[in-house]
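Every number in this text was worked out from the coordinates using simple rules, so none of it is lab data. A quick note: this is a predicted structure, and the numbers were derived from the prediction, not measured. Don't worry about glycine lacking a Cβ; one is built from the backbone with ideal geometry, like all the others, and counts go over all protein chains shown.
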Amino acid sequence: MSRRPPEPVQVVKHRRDAALRALVEGIPYVQFLNISFERHGDELTSVLQYHEALIGNPALPALHGGVTAAFLETAALIELGWQLLWEEVESGRVDASDLTAATMPRMPKTIDFTIDYLRTGLPRDAYARARVNRSGRRYASVHVEAWQDNRSRPFAQGTGHFLMPLQNG
């Protein structure tokens, strides 16, 4: 019995990047807010690229609270979707050319999302990482932290509960 030789690293990277791109393109609000995602293996960092339209209080100036909340919720949703897709991508059962927003699995739906505003979001890029605390067949719980200059000083954090999509089979 012979084992298959491992795939070239560039093939695996291309498949992972294509999967992430298709996942992100399935949420139009991501483009509206200009959120991007940096991928290192299976770990994602969300990046909210600063622009003037994100300011809620020009006197301070400070990021709008709704933008912060949307950024955190989006980071949580993309992390959950990424975890749902990861096994398919890693096994090679998913072909990068078949991945489009239309062919992606259904995304989880938000049940509730709680935000803690810890300090003022400054007029600069923001970063977030989501951690899935629990993910079952029907329900998932996710915690997200957002920071700007120093990861150990988050300016906001959120906890969300999500209804997982029914899986076929």
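Need one number: convex hull volume per residue for the chain, Cα atoms only, in Å³.
In the chain, the Cα convex hull volume per residue is 138 Å³.
Between SER152 and GLU90, what is the FRET efficiency for a Förster distance of 30 Å, r being their Cβ-Cβ separation, to the nearest 0.05?
E(calc), rounded to 0.05, equals 0.45.
If you count, for each residue, the other Cβ atoms within 10 Å and average over each peptide, how do 34-46, 118-130 line up from highest to lowest?
Ranked by mean Cβ neighbours within 10 Å, highest first: 118-130, 34-46.
Could you tell me the relative contact order of the chain? Use alpha-carbon pairs under 8 Å, at least six residues apart, and round to a whole percent.
24 percent
So what is the calculated 222 nm ellipticity per residue for the chain, using -39500 (n - 2.57) for each DSSP H run with n of 4 or more, over all residues, to the nearest 500 deg cm²/dmol?
For the chain, the value works out to -10000 deg cm²/dmol.
Take the Cβ-Cβ distance between LEU166 and ARG131 as r, set R0 to 30 Å, and report the resulting FRET efficiency rounded to the nearest 0.05.
Given R0 = 30 Å and the Cβ-Cβ separation, E is 0.80.
Net charge near ALA140, counting Lys/Arg +1 and Asp/Glu -1 over other residues with Cβ under 11 Å of its Cβ?
+3
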